[in-house]
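The values are calculated or read from the model by the stated rules, or taken from the named source; none is laboratory data. These figures come from a predicted structure and were not determined experimentally. Cβ placement follows ideal geometry from the backbone for every residue including glycine, while neighbour counts extend to all protein chains displayed. SASA here: full protein model, heavy atoms, side chains in, ligands and nucleic acids out. Shrake-Rupley method; radii C 1.70, N 1.55, O 1.52, S 1.80 Å.
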Amino acid sequence: MKTRLKLFLPLLGLFALALMLFIGLQRDPSQLALVQQGKPLPEFRLPDLLQPTRQIDNRTLPSQAFLLNVWGSWCPSCLVEHPFLMRLKRQGFLIYGLNYRDNPQAARQMLLEKGNPFVEVLHDQQGGLALALGVYGAPETYLIDGNGVIRFRYAGELNQQVWQRQFVPLFEQLGQKEK
């Protein structure tokens, strides 16, 4: 009996591991758990990427819904989503940038060459605010309501399909129609 049990236990362990891997592969990576959802944006005080002597904190943020986009000049996916962010800016949406663990010169150069979709760009060199938000990587986009409360997080490249499916209904719930 003990011999059979010794043979069966590793097989059972292997089956359990395979099941966990299978379940993990079925999850949508853009739908990451958001611990901060429904909570205020964490307190922060960071330099403005474009004016490094100027500090930005929670009090300088708008009192209407806006997007907070986590990006870096080192991030290939951020380059892909950049034209869509420019389009949202032209439509009148407020987008704040959170430049994540980036070389400030490279980040400024990217915005100079490709255009700046952001109202302001927080330079998070050490990644403190990103860590407080639970950022897994770039790009990630957060919808913050007019009271500074995090309403939604999307991990991955923002594009028209994601915008229509995920963000437009939320903006409508917040009483702001798509522009």
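Subtracting the Cα-Cα distance of Q160 and Q109 from their residue separation scaled by 0.36 nm leaves 15.8 nm.
In region 125-179, if every C-alpha pair distance is counted and binned at 10 Å from zero, what percent goes to each bin? Result returned by the calculation: 21, 49, 26, 4.
Which order do peptides 108-119, 70-81 fall in by mean Cβ count within 10 Å, highest first?
The most tightly packed comes first, giving 70-81, 108-119.
Sketch the reach of a paramagnetic label on D48 as a point 7 Å from Cα along Cα-to-Cβ, and name the residues of region 88-120 whose backbone nitrogen lies under 19 Å away. Within reach of a label on D48: 94-100, 104-113, 115-120. By DSSP, the beta bridges lying fully in region 28-151 are antiparallel in about 55 percent of cases. Ordered by 1.4 Å accessible area with all protein chains kept, T53, T60, T141 run largest first as T53, T60, T141. Over region 28-174, all Cα pairs binned in 10 Å intervals from 0 give whole-percent P(r) values of 11, 47, 37, 5, 0, listed from short to long.
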